[in-house]
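Here's the structure we're looking at; comments come further down.
The values are calculated or read from the model by the stated rules, or taken from the named source; none is laboratory data. Computed from a predicted model, the values in this text were never measured in an experiment. Because the Cβ atoms are built from the backbone with ideal geometry, glycine has one as well, and the counts that use them run over all protein chains shown. Calculation scope for accessible area: heavy atoms of the full protein, side chains included, ligands and nucleic acids excluded. Shrake-Rupley method; radii C 1.70, N 1.55, O 1.52, S 1.80 Å.
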Amino acid sequence: MDNPYAALDARRSTPSRQLQAPGPDHATLLRMLQSAVRVPDHGRRVPFRFLRIHGEDRHTLGALLETLTRQRTPDAGEAVFERERERFSFAPLIITVIAAQGPDEKIPAHERWSSASCVCFALLQAAQMAGFGAQWLTGWAATDATVRERLGVAADEAIVGFIHIGTPRLEAPERERPDPATLLRDWTP
């Protein structure tokens, strides 16, 4: 490798509204997930699981979000209702990363959450390396009790992210990144 950091340095999110079909086929998705699960996992708990949302199910979830928004904020306006209805309709595939957060005598919940967060990031990398665009989103749907129930998320689990994956309609824009030198400090006892 001429530049061993090239893949990491090229990582960027493609806005979900800019993703379209095709998405990865089943074999490609499994290969991407194989890379994504190679994350730090204190205690080898495998404190995460995946929920695939694709096809018409994306629109069913969007309809639920619209219904909930209409119930909670009926005066929000049609543009808001449409945005919620379409939230999951652009990318052909959404992988929901769910973290185990229940009791554990040795590994605290925040460490298990961190491991699942690493999976989200690694999945973004894997998607980009496979030629797809991806974006990690959460939003209110990740913590909503009704959405969680409909997705089968248990009381002792948490949605860490919805990873939208598809073919980019356009090249994802680069954004300014922080200078690590300005973030680094030396500890002096």
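Brief remarks on what is shown
- Number of residues in segment 139-167 that are within 14 Å of the chain's Cα centre (by Cα) and open to solvent by 40 Å² or more (accessible area, probe 1.4 Å) equals 3.
- Members of segment 3-21 that are open to solvent by less than 60 Å² (accessible area, probe 1.4 Å) and in contact with a strand residue (DSSP E or B) (Cβ under 7 Å, 6 or more places away or on another chain): Ser13, Thr14, Pro15, Ser16, Gln18, Leu19
- Whichever residue in segment 100-138 is open to solvent by 20 Å² or more (accessible area, probe 1.4 Å), among the polar types (S, T, N, Q) and more than 9 Å from the chain's Cα centre (by Cα) and, among such residues, is nearest to Arg169 (Cα to Cα): Gln128
- For segment 35-50, filtering for residues that are out of contact with any strand residue (DSSP E or B) (no Cβ under 9 Å at 6 or more places or on another chain) and either touching a residue at least 24 places away in the same chain (Cβ under 8 Å) or acidic (Asp, Glu) (or both) leaves 5.
- Only one of the listed residues (Ala172, Ala155, Ala91) is touching a helix residue (DSSP H, G or I) at 6+ places or on another chain (Cβ under 9 Å), among the small types (Gly, Ala, Ser), in a loop (DSSP other than H, G, I, E, B) and over 30 Å from Ala27 (Cα atoms). That residue is Ala155.
Conditions tested, residue by residue: (1) in a strand (DSSP E or B); (2) within 21 Å of Gly131 (Cα to Cα); (3) of a type outside the set (D, E, K, R).
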position	(1), (2), (3)
Ala7	no, yes, yes
Pro24	no, yes, yes
Thr28	no, yes, yes
Gly43	no, no, yes
Arg49	yes, no, no
Thr67	no, no, yes
Gln71	no, no, yes
Val80	no, no, yes
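- Top-ranked residue in segment 70-99 [being among the β-branched types (Val, Ile, Thr) and out of contact with any Asp or Glu (no Cβ under 8 Å at 6 or more places or on another chain); ranked as most open to solvent (accessible area, probe 1.4 Å)]: Thr73
- Only a single item in (1) in contact with an Asp or Glu (Cβ under 8 Å, 6 or more places away or on another chain); (2) part of a loop (DSSP other than H, G, I, E, B); (3) over 18 Å from Ile165 (Cβ atoms) is not met by Ile107, and it is number (1).
- Residue match in segment 168-185 (condition: closer than 28 Å to Phe132 by Cα and touching a Phe, Trp or Tyr at 6+ places or on another chain (Cβ under 8 Å)): yes
- Here Ala172 clears all of (1) open to solvent by 80 Å² or more (accessible area, probe 1.4 Å); (2) modelled with pLDDT under 95; (3) in contact with a Lys or Arg (Cβ under 9 Å, 6 or more places away or on another chain) except the condition numbered (1).
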